[in-house]
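Chemist: For reference, the structure I am asking about is given below.
The values are calculated or read from the model by the stated rules, or taken from the named source; none is laboratory data. These figures come from a predicted structure and were not determined experimentally. Don't worry about glycine lacking a Cβ; one is built from the backbone with ideal geometry, like all the others, and counts go over all protein chains shown. Ligands, DNA and RNA are excluded from the accessible area calculation, which covers all protein heavy atoms including side chains. Shrake-Rupley method; radii C 1.70, N 1.55, O 1.52, S 1.80 Å.
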Amino acid sequence: MGTSAYLALGSNLGDRLEHLRDAVRRLGATDGIDVARSSRIYETEPVGPPQPPYLNAVLEVETTLSPRELLEACQAVEDALGRVRAERWGPRTIDVDVLTYDELTVDEPDLVIPHPRMHERGFVLVPLGELDADAALPGGRRLSTLRISPDVVLGVRPFASPLPVP
Ligand code: X6L
Ligand code: MG
Ligand code: MG
């Protein structure tokens with residue numbers, strides 16, 4: 001068996017739902033990645049600069065890729081879906097982030113796993129908790145032991161059923 005990794009998907013430009021579906025199709029079509037499960041889809045208030053609301057979901061993938069190869073595959077999907085990097089933290093057709101990679105820790109300038117801010121973001125924690133209530137978090141912590149303050153999950157609302165996989 002390969003590695004189980006969690007990926008976060010987000011879209012807040014154009015046909016958001018179609019962008020999430022397209023990302024799942026493209027990830028699943030990538031050699032070395034099988035999409036195993038999707039969380040439900042949530043509509044979420046933007047965090048950071050003012051911008052349109054997001055659709056967010058989390059995927060579990062089984063992969064034989066290294067962490068860096070998985071990151072590159074996520075970036076290839078972002079490029080294929082026409083992501084344009086205009087402003088930092090600005091709106092995007094698709095964002096694909098590597099949250100965790102088994103129990104592994106990676107700490108490199110351009111690749112930090114577990115994702116260093118995942119435990120602060122309701123738009124990640126809520127869908128991730130559906131798939132794995134005990135998911136790994138930064139600093140060796142686990143989701144099941146996190147005390148989530150109400151304001152973190154404000155603005156995270158169920159929107160649609162899980163994305164079809166594969
Ligand atoms: C102060 C300054 C406080 C910056 C927060 C938070 C910046 C989150 C960037 C921040 C700050 C981010 C999504 C999003 C973004 C998403 C929702 C980011 C990157 N991505 N909001 N904002 N969903 N709901 O996927 O996460 S920009
Ligand atoms: Mg990203
Ligand atoms: Mg992100």
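Chemist: Considering only the stretch 32-52, how many residues are under 28 Å from Asp134 (Cα atoms) and either more than 16 Å from ligand 2 (Cβ to nearest atom) or in a helix (DSSP H, G or I) (or both)? Before the answer, list the steps.
Modeler: So in the stretch 32-52, the residues under 28 Å from Asp134 (Cα atoms) come out as 32-48.
Next, from what is left, pick out any that are either more than 16 Å from ligand 2 (Cβ to nearest atom) or in a helix (DSSP H, G or I) (or both): 32-43, 45.
Of the residues in the stretch 32-52, 13 are under 28 Å from Asp134 (Cα atoms) and either more than 16 Å from ligand 2 (Cβ to nearest atom) or in a helix (DSSP H, G or I) (or both).
Chemist: Scan the stretch 7-31 residue by residue and report those that are within 16 Å of ligand 2 (Cβ to nearest atom) and farther than 17 Å from Glu72 by Cβ. It would help to see each step written out before you state the result.
Modeler: Keep residues of the stretch 7-31 that are within 16 Å of ligand 2 (Cβ to nearest atom), which gives 7-13, 16, 19-20, 23, 26-27.
Passing the criteria: Gly10, Ser11, Asn12, Leu13, Arg16, His19, Leu20.
Chemist: Select from the stretch 27-46 the residues that are out of contact with any helix residue (DSSP H, G or I) (no Cβ under 7 Å at 6 or more places or on another chain) and either at pLDDT below 95 or within 14 Å of ligand 3 (Cβ to nearest atom) (or both) and list them in ascending order.
Modeler: Scanning the stretch 27-46 gives a single hit, Pro46.
Chemist: Here's a follow-up. Does the stretch 1-26 hold any residues that are away from ligand 3 (no atom under 16 Å from the Cβ) and not in a loop (DSSP other than H, G, I, E, B), and which are they?
Modeler: Going through the stretch 1-26, the residues away from ligand 3 (no atom under 16 Å from the Cβ) turn out to be 1-4, 14-15, 17-18, 21-22, 24-26.
If the condition is that a residue be away from ligand 3 (no atom under 16 Å from the Cβ) and not in a loop (DSSP other than H, G, I, E, B), then Thr3, Ser4, Leu17, Glu18, Arg21, Asp22, Val24, Arg25, Arg26 are the ones that fit.
Chemist: In the stretch 26-43, what count of residues is obtained for those that are farther than 14 Å from Tyr6 by Cβ and touching a residue at least 60 places away in the same chain (Cβ under 8 Å)?
Modeler: Within the stretch 26-43, the first condition is being farther than 14 Å from Tyr6 by Cβ, and the residues that meet it are 26, 28-32, 40-43.
Next, from what is left, pick out any that are touching a residue at least 60 places away in the same chain (Cβ under 8 Å): 28, 40-43.
Residues in the stretch 26-43 being farther than 14 Å from Tyr6 by Cβ and touching a residue at least 60 places away in the same chain (Cβ under 8 Å): 5 in total.
Listed here are the residues, each with its yes/no results for (1) open to solvent by 20 Å² or more (accessible area, probe 1.4 Å); (2) within 13 Å of ligand 2 (Cβ to nearest atom).
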residue: Glu78; (1), (2): no, yes
residue: Pro91; (1), (2): yes, yes
residue: Thr100; (1), (2): no, no
residue: Phe123; (1), (2): yes, yes
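Chemist: Could I ask something else about it? Quick check on this structure: which one of Val96, Val106, Val112 is within 23 Å of Glu43 (Cα to Cα) and β-branched (Val, Ile, Thr)? Please lay out each step first, then the result.
Modeler: On the way: Val106 fails: within 23 Å of Glu43 (Cα to Cα); Val112 fails: within 23 Å of Glu43 (Cα to Cα).
Step by step, each of Val96, Val106, Val112 is checked, and only Val96 is within 23 Å of Glu43 (Cα to Cα) and β-branched (Val, Ile, Thr).
Chemist: Could you check the stretch 131-166 and list, in sequence order, the residues that are in contact (Cβ under 8 Å) with a residue 60 or more places away in the chain and either open to solvent by 60 Å² or more (accessible area, probe 1.4 Å) or within 18 Å of Pro46 (Cβ to Cβ) (or both)? Give the derivation first.
Modeler: Of the residues in the stretch 131-166, the ones in contact (Cβ under 8 Å) with a residue 60 or more places away in the chain are 131-132, 135, 154-166.
Of everything in the stretch 131-166, those that are in contact (Cβ under 8 Å) with a residue 60 or more places away in the chain and either open to solvent by 60 Å² or more (accessible area, probe 1.4 Å) or within 18 Å of Pro46 (Cβ to Cβ) (or both) turn out to be Leu154, Gly155, Val156, Arg157, Pro158, Phe159, Ser161, Pro162, Pro164, Pro166.
Chemist: Given the criterion more than 16 Å from ligand 1 (Cβ to nearest atom) and either among the polar types (S, T, N, Q) or open to solvent by 30 Å² or more (accessible area, probe 1.4 Å) (or both), identify the matching residue among Gly14, Gly48, Gly82. Break it down into steps so the answer makes sense when it comes.
Modeler: On the way: Gly14 fails: more than 16 Å from ligand 1 (Cβ to nearest atom); Gly48 fails: more than 16 Å from ligand 1 (Cβ to nearest atom).
Being more than 16 Å from ligand 1 (Cβ to nearest atom) and either among the polar types (S, T, N, Q) or open to solvent by 30 Å² or more (accessible area, probe 1.4 Å) (or both) holds for just one of Gly14, Gly48, Gly82, which is Gly82.
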